[in-house]
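The values are calculated or read from the model by the stated rules, or taken from the named source; none is laboratory data. What you see is a predicted model; the values in this text were computed from it and never measured. Neighbour counts run over all protein chains shown; Cβ positions are idealised from the backbone, glycine included.
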Amino acid sequence: MTNHQALTKYLFRLGDNALILAQRLGELVANGPELEEELATANFALDYLGQARMFYARACELEGAGRDEDEIAFLRGEREFENFLLVEQPNGHFGDTIVRQVLFDSFYILQLEALAACSDPGTAEIAARAQKEIQYHLRHAAHWLVRLGDGTQESHARVADSLQNFWRYTGELFDGDGIDDLMHSAFDGPDLQRIAGTWHDNVGKILQQATLQMPEDQWMDGGGREGRHTEPFGYLLAEMQYMQRAFPGASW
């Protein structure tokens with residue numbers, strides 16, 4: 001694989017993470033715990049969707065195959081998506097959603113910081129724009145996690161269970177492959193080993209404020225980068241792609 005191909009593939013993966021998380025958060029519209037939080041979640045979903053469009057557009061430009069962001073989002077099969085398993089997990093209760101956001105955004109912000117300084121100008125520009133949005137997302141989610149973890153006995157127990165349930169998906173964030181290696185060596189992209197240490201420190205500080213115990217690293221689930229997904233992903237994709245599949249080429 002050439003450096004050019006690795007960069008293109010990496011951008012598609014970034015777009016997949018953002019798109020799938022946007023879809024998950026979009027499911028919470030009209031289902032939030034309170035109106036203000038519902039509006040915030042809808043705005044976050046739009047942020048991720050905008051990031052997905054930018055990453056896809058840049059990847060399609062580099063690919064040069066004539067595809068566009070709509071084709072990438074709505075006309076690929078399940079095995080063609082290479083997002084992390086963490087972002088495709090169902091929203092569950094509000095504590096589940098918050099824990100998922102803290103765990104992923106704590107990684108994503110570090111990934112974007114590294115990409116904003118990478119040697120590919122197009123990628124660096126997108127990452128710098130996305131970084132500002134994710135800083136706010138993470139601050140918002142961390143605030144809620146502290147509020148729930150250090151809240152009532154029930155709220156503490158619920159987010160503690162959420163943390164245990166989602167922790168097995170965090171190992172994949174740092175289990176890089178050849179594309180990650182080329183992105184780092186050829187474009188001065190993220191160093192996953194260095195990010196892993198910072199991520200653990202940052203998450204640990206949030207959990208300490210939330211009076212939550214960091215789970216022990218045991219068996220970790222993975223496979224998202226290879227197109228192997230969890231069962232809920234198929235349902236998410238079916239709903240997201242329904243209109244384009246039912247009415248191919250439809251436009252407003």
> Looking only at residues in region 1-60 that are more than 19 Å from the chain's Cα centre (by Cα) and among the aliphatic types (A, V, I, L, M), which one is nearest to residue 75 (Cα to Cα)?
Replying inline: 6
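Residues checked against (1) within 17 Å of residue 241 (Cα to Cα); (2) in a helix (DSSP H, G or I); (3) out of contact with any Leu (no Cβ under 7 Å at 6 or more places or on another chain):
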{"site": "14", "(1), (2), (3)": "no, yes, yes"}
{"site": "17", "(1), (2), (3)": "yes, yes, yes"}
{"site": "28", "(1), (2), (3)": "no, no, yes"}
{"site": "31", "(1), (2), (3)": "no, no, yes"}
{"site": "36", "(1), (2), (3)": "no, yes, yes"}
{"site": "51", "(1), (2), (3)": "no, yes, yes"}
{"site": "57", "(1), (2), (3)": "no, yes, yes"}
{"site": "67", "(1), (2), (3)": "yes, no, yes"}
{"site": "72", "(1), (2), (3)": "yes, yes, yes"}
>> Of the residues 122, 95, only one is of a type outside the set (Phe, Trp, Tyr), part of a helix (DSSP H, G or I) and within 18 Å of the chain's Cα centre (by Cα); which?
In response: 95
> Among the residues of region 139-183, which ones are aliphatic (A, V, I, L, M) and either touching a residue at least 24 places away in the same chain (Cβ under 8 Å) or surrounded by 15 or more Cβ atoms within 10 Å (Cβ to Cβ) (or both)?
Replying inline: 141, 142, 145, 146, 148, 159, 160, 163, 173, 179, 182, 183
> Is it true that residue 206 is over 17 Å from the mean Cα position of the chain (by Cα) and either modelled with pLDDT under 95 or surrounded by 15 or more Cβ atoms within 10 Å (Cβ to Cβ) (or both)?
Replying inline: yes
> Which is crowded, with 19+ Cβ neighbours inside 10 Å, touching a helix residue (DSSP H, G or I) at 6+ places or on another chain (Cβ under 7 Å), touching a residue at least 40 places away in the same chain (Cβ under 8 Å) and not in a helix (DSSP H, G or I), of 104, 84?
Replying inline: 84
> Taking region 78-133, which residues are more than 22 Å from residue 212 (Cβ to Cβ) and aromatic (Phe, Trp, Tyr)?
Replying inline: 81
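Results for (1) closer than 22 Å to residue 87 by Cβ; (2) within 16 Å of the chain's Cα centre (by Cα); (3) assigned to a helix (DSSP H, G or I), shown as yes or no for each residue.
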site	(1), (2), (3)
137	yes, yes, yes
143	yes, no, yes
164	yes, no, yes
172	yes, yes, yes
193	yes, no, yes
211	no, no, no
>> The conditions are (1) surrounded by 15 or more Cβ atoms within 10 Å (Cβ to Cβ); (2) without any contact (Cβ under 8 Å) to a residue 24 or more places away in the chain; (3) in a helix (DSSP H, G or I), and residue 132 fails exactly one of them. Which is it?
In response: (1)
> Being within 30 Å of residue 70 (Cβ to Cβ) and in contact with a helix residue (DSSP H, G or I) (Cβ under 8 Å, 6 or more places away or on another chain), is that true of even one residue in region 213-222?
Replying inline: yes
> Just a yes or no: is a residue in region 228-251 without any contact (Cβ under 8 Å) to a residue 12 or more places away in the chain, part of a helix (DSSP H, G or I), among the polar types (S, T, N, Q) and surrounded by 12 or more Cβ atoms within 10 Å (Cβ to Cβ)?
Replying inline: no
> Across region 6-33, which residue is surrounded by the most Cβ atoms within 10 Å (Cβ to Cβ) among those that are at pLDDT below 95 and among the hydrophobic types (A, V, I, L, M, F, W, C)?
Replying inline: 28
>> Looking at region 184-199 only, could you name the residues that are free of Cβ contacts under 8 Å to residues at least 12 places away in the same chain and not hydroxyl-bearing (Ser, Thr, Tyr)?
In response: 184, 194, 197
